[in-house]
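Q: Next up is a structure, given as structure tokens.
We did not get these values from a lab; they are worked out from the coordinates using the rules stated. Every value quoted in this text rests on a predicted model; they were computed, and no experiment measured them. Here the Cβ is made from the backbone with ideal geometry for all residues, glycine too, and neighbour counts use every protein chain on show.
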Amino acid sequence: MNVHGIRAIYVFEMARTGRTLLQSVVQPVLITCLYFLVFGSAIGGRMGEIDGVSYGAFIVPGLVMLSLLTESISNASFGIYMPKWSGTIYELLSAPVSWVEAVVGYVGAAATKSIVVGTLIMLTARLFVPYEIAHPAWMLLFLVLTSVAFSLFGFIIGVWADSFERLQLVPFLIVTPLTFLGGAFYSIDMLPAPWDRITLANPVVYLVSGFRWSFYGISDVAVGTSLAMTLLFLVLCLVCVWWIFRTGYRLRQ
């Protein structure tokens, strides 16, 4: 294992965060604060409790997950796309660094940034609503697994994209709508039939449900199912990344 190569990639990507601190950290936290003001205070004050949890506290896991997915994809996709765009990707491919080590460096940095943003959002939420974390270990597990899985997904998007427009296509047109429709702001039990069953086809439902269970012990689907779906998505992304480096898809052209 080339530890020096992993550290070089990781440190470089983390240093880029320092140069774009407002965009990478401050912006998602401020946007989430606006969500809390609008949904948690303005609307939440007029809504009753959901499964014994106030609406303001109920949306905390959903808002954290929304930022986590968006930031994981954005950080990882931009991290690998820039070497492709500038042509320095060939230096990486010719370096004594295996595909595993390269992925660990890029994805590890992207996941670290997302975890930091998610943690800051949870701390900021304390300023708006009181909440407790019933299962801290499970919360940390879902936080890390989701960050890694969607950072891998973002890495795939960064390899696939051939323009800055395509780089933003999947996060904004697919992932964000799926998150809003995945129970971030409501329980799927509140949906009328048959939409309460149809929405189970949305993979984000399992992420939000499992993460919310770690906070309050309530969920739309079984926590074991949520964990299994998260692990399945992570494995599928790993297989896809392996295939990309094996075939050189959009890396060697």
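Q: Does segment 115-253 come out rounded, prolate or oblate, given a ≥ b ≥ c as the square roots of the eigenvalues of its C-alpha gyration tensor, rounded meaning a/c under 1.5 and, failing that, prolate meaning a/b above b/c?
A: It comes out prolate by the Cα gyration axes.
Q: In whole Hz, what ³J(HN,Hα) sequence does segment 225-233 give by Karplus (6.51, -1.76, 1.60; θ = phi - 60°), x for Gly and Pro?
A: 5, 4, 5, 4, 5, 5, 5, 4, 5
Q: Still on this structure, please answer the following. So, by mean Cβ neighbours within 10 angstrom, what's the order for 114-126, 69-81, 91-103 with the highest one leading?
A: Packing order, densest peptide first, comes out as 69-81, 114-126, 91-103.
Q: Which one of 26, 145, 129 is farthest out on the positive end of the charge dipole of the chain, using unit charges on Cβ (Lys, Arg +1; Asp, Glu -1) and the Cα centre as origin?
A: 26
Q: Further question: Decide, for segment 26-131, between rounded, prolate and oblate: order the square roots of the alpha carbon gyration tensor eigenvalues as a ≥ b ≥ c, take rounded if a/c falls under 1.5, and otherwise choose prolate if a/b is larger than b/c, else oblate.
A: Note, shape of segment 26-131 comes out prolate.
Q: Scan around residue 53 for amide H atoms under 5 Å from its own, H built in the peptide plane at 1.01 Å from N, and keep only partners 5 or more places away or cross-chain.
A: Amide H neighbours of residue 53, under 5 Å, 5+ apart: none.
Q: Compute the length gained on full extension between residue 169 and residue 19: take 0.36 nm times their separation in residues and subtract their Cα-Cα distance, giving the result in nm to one decimal.
A: 51.6 nm
Q: Something else: Would you mind computing, in nm to one decimal, how far apart the modelled labels at residue 228 and residue 249 are, each placed 7 Å from Cα along Cα→Cβ?
A: The modelled label-to-label distance comes out at 2.7 nm.
Q: How large is ³J(HN,Hα), in whole Hz, for each residue of segment 6-21 in order, when computed from phi with the Karplus curve 6.51 cos²θ - 1.76 cosθ + 1.60 and θ = phi - 60°, using x for Gly and Pro?
A: 4, 5, 4, 5, 4, 5, 4, 5, 5, 5, 5, 5, x, 7, 10, 4
Q: So, one more: Tabulate in residue order the Karplus-calculated ³J(HN,Hα) for segment 181-191, using 6.51 cos²θ - 1.76 cosθ + 1.60 with θ = phi - 60°, rounded to whole Hz; enter x for Gly and Pro.
A: Using θ = phi - 60°, the values come out as 8, x, x, 5, 10, 7, 8, 5, 5, 7, 7 Hz.
Q: At 0.692 mPa s and 37 °C, plugging the Kirkwood radius over alpha-carbon pairs of the chain into Stokes-Einstein gives what diffusion coefficient in µm²/s?
A: In µm²/s, the coefficient is 174.
Q: Now a separate question. Between residue 178 and residue 91, how many nm apart are label points set 7 Å from Cα along the C-beta direction?
A: Taking the two extended label points, one gets 3.4 nm.
Q: Pull out the extension gain between residue 235 and residue 8, defined as 0.36 nm times the separation in residues minus the alpha carbon to alpha carbon distance; nm, one decimal.
A: 79.2 nm
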